[in-house]
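K.L.:
Here it is: the structure, laid out below.
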Amino acid sequence: MVSKTLAQNKAVSVTLSAFNKGKEIGTHDSTGDAMGTVPVGVSRFTVGGKSHIVKAGETLVMPATVPHAVYGVEAFKRMLMVVFLDGFAL
């Protein structure tokens, strides 16, 4: 897997990643709401114990604090944007 952080501050993180077939990021969670878009390939996201196949052109939202994992059903790319509400001045 190769990743490049495109933007990072206390309110938002934007990362582009490329995964090989069979590559996995195990179960974890985040303090921010996340949105993963797959522009190329096929992945499997498991969110709160439920599996979702996400194909090229599709997007999946992962709510803050909900455990999730990702797996490369085939080689795929992912654009991940995470928004941290605590990082915004209200």
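Here is a yes/no grid of residues against (1) modelled with pLDDT under 95; (2) of a type in the set (S, T, Y); (3) surrounded by fewer than 17 Cβ atoms within 10 Å (Cβ to Cβ); (4) closer than 23 Å to F88 by Cβ:
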| residue | (1), (2), (3), (4) |
| --- | --- |
| M1 | yes, no, yes, no |
| Q8 | no, no, yes, yes |
| V12 | no, no, yes, yes |
| A18 | no, no, yes, no |
| V38 | no, no, no, no |
| G49 | no, no, yes, no |
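K.L.:
A further question on this structure: Are there any pairs with C-beta distances below 9 angstrom linking a residue in the stretch 22-41 that is within 10 Å of H68 (Cα to Cα) and of a type in the set (S, T, N, Q) to a residue that is modelled with pLDDT of 95 or more and open to solvent by 70 Å² or more (accessible area, probe 1.4 Å), with the two at least 6 apart or on different chains, and if so which?
P.N.:
Note: pairs meeting the criteria are S30/T65.
K.L.:
Give the stretch 24-36 a look and list any residue that's over 11 Å from the mean Cα position of the chain (by Cα) and open to solvent by 80 Å² or more (accessible area, probe 1.4 Å), or say none.
P.N.:
Those that are over 11 Å from the mean Cα position of the chain (by Cα) and open to solvent by 80 Å² or more (accessible area, probe 1.4 Å): E24, T27, T31.
K.L.:
Another question, then. Yes or no: F76 open to solvent by less than 50 Å² (accessible area, probe 1.4 Å), in contact (Cβ under 8 Å) with a residue 12 or more places away in the chain and touching a Ser or Thr at 6+ places or on another chain (Cβ under 6 Å)?
P.N.:
yes
K.L.:
Among the residues of the stretch 1-17 satisfying the criterion of being of a type in the set (S, T, N, Q) and assigned to a strand (DSSP E or B), which is nearest to S43 (Cα to Cα)?
P.N.:
Selected residue: S17.
K.L.:
Residue by residue through the stretch 18-46, note down the ones that are under 14 Å from V61 (Cα atoms) and in a loop (DSSP other than H, G, I, E, B).
P.N.:
Within the stretch 18-46, D29, S30, T31, G32 meet the criteria.
K.L.:
Can I ask one more? So if I check each of V70, V61, which one is modelled with pLDDT of 95 or more, open to solvent by 20 Å² or more (accessible area, probe 1.4 Å) and in a strand (DSSP E or B)?
P.N.:
V61
The values are calculated or read from the model by the stated rules, or taken from the named source; none is laboratory data. Not measured: the values here are computed from a predicted model. Cβ coordinates were reconstructed from backbone atoms using ideal geometry, including for glycine residues, and neighbour counts include every protein chain displayed. Please note that ligands, DNA and RNA were not included when accessible areas were found on the heavy atoms of the full protein model with its side chains. Shrake-Rupley method; radii C 1.70, N 1.55, O 1.52, S 1.80 Å.
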